[in-house]
Amino acid sequence: MLDIEKEFNEFINSSDPYSRENPIGHITGSCWILNNKLDSTLLTHHRKLNIWIPTGGHSENEEDPSQIALREGEEETGLKLRFILNEPFFKAIHSIPRYKNVLEHKHYDYTFIFRPIGSEEYFVSDESHDLKWVPLIDIEKYTKEENVILMRDKTINLIKSGNITILE
């Protein structure tokens, strides 16, 4: 298996990595949103993929994955978000199946970890069937996606180590 960092770097140095017109793939930004109690994450039941995953999406002329993630998270949930960590929380390469006229391609995804500012009340955008605050301990009831389970485990380790804490 090709090392993920090597593949990311090769793709980033290719032509137009942020463009949706790139037939190989493109850079995307995703949001791992935690509630303020740090016991749940907000997942979307994705309309096109029909699976429960974090919110996120494509560049709209941004070339900073953190800004892609922030914009997508706020657009898809209605929440105002703040970063918990300033660097990517997780990186993954996803194979995206053919959908209508869009050929199969890859998403080189940077996931950032967020908390809502103020209310944890969200709305469901037209990109989702549903959104739900999913307790971290119940992730497997919603998804078997390896990346989501790995992010849950990484979150629990960050909480145990004291690197992120509950807001009072």
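Just give me the residues in segment 88-109 being farther than 17 Å from Asp3 by Cβ, surrounded by fewer than 16 Cβ atoms within 10 Å (Cβ to Cβ) and of a type in the set (A, V, I, L, M), in sequence order. Answer for segment 88-109, where residues must be farther than 17 Å from Asp3 by Cβ, surrounded by fewer than 16 Cβ atoms within 10 Å (Cβ to Cβ) and of a type in the set (A, V, I, L, M): Val102, Leu103. Of all the residues in segment 40-80, those that are over 12 Å from the mean Cα position of the chain (by Cα), crowded, with 19+ Cβ neighbours inside 10 Å and over 19 Å from Arg152 (Cα atoms) number 3. Of all residues assigned to segment 12-28, at least one qualifies as being buried (at least 19 other Cβ atoms within 10 Å of the Cβ), within 28 Å of Lys141 (Cα to Cα) and either within 13 Å of the chain's Cα centre (by Cα) or in contact (Cβ under 8 Å) with a residue 40 or more places away in the chain (or both). Summed over segment 50-108, residues that are of a type in the set (A, V, I, L, M) and either in a strand (DSSP E or B) or in contact with a Lys or Arg (Cβ under 8 Å, 6 or more places away or on another chain) (or both) total 7.
Residue by residue, here is whether (1) within 20 Å of Thr28 (Cα to Cα); (2) at pLDDT below 95; (3) touching a Ser or Thr at 6+ places or on another chain (Cβ under 9 Å); (4) exposed (fewer than 11 other Cβ atoms within 10 Å of the Cβ) holds:
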| position | (1), (2), (3), (4) |
| --- | --- |
| Ile113 | yes, no, yes, no |
| Tyr142 | no, no, no, no |
| Glu145 | yes, yes, no, no |
| Thr155 | no, no, yes, no |
| Ile164 | no, yes, yes, no |
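The set of residues in segment 116-126 that are surrounded by 18 or more Cβ atoms within 10 Å (Cβ to Cβ) and out of contact with any helix residue (DSSP H, G or I) (no Cβ under 7 Å at 6 or more places or on another chain) contains only Pro116. In summary, His129 fulfils each of the numbered conditions (1) at pLDDT below 95; (2) assigned to a strand (DSSP E or B); (3) surrounded by 16 or more Cβ atoms within 10 Å (Cβ to Cβ) with the single exception of condition (3).
The values are calculated or read from the model by the stated rules, or taken from the named source; none is laboratory data. Note that the coordinates shown come from a computational prediction; the quantities given were computed from them, not determined experimentally. With ideal geometry, Cβ positions are generated from the backbone for all residues, glycine too; neighbour counts draw on all protein chains shown.
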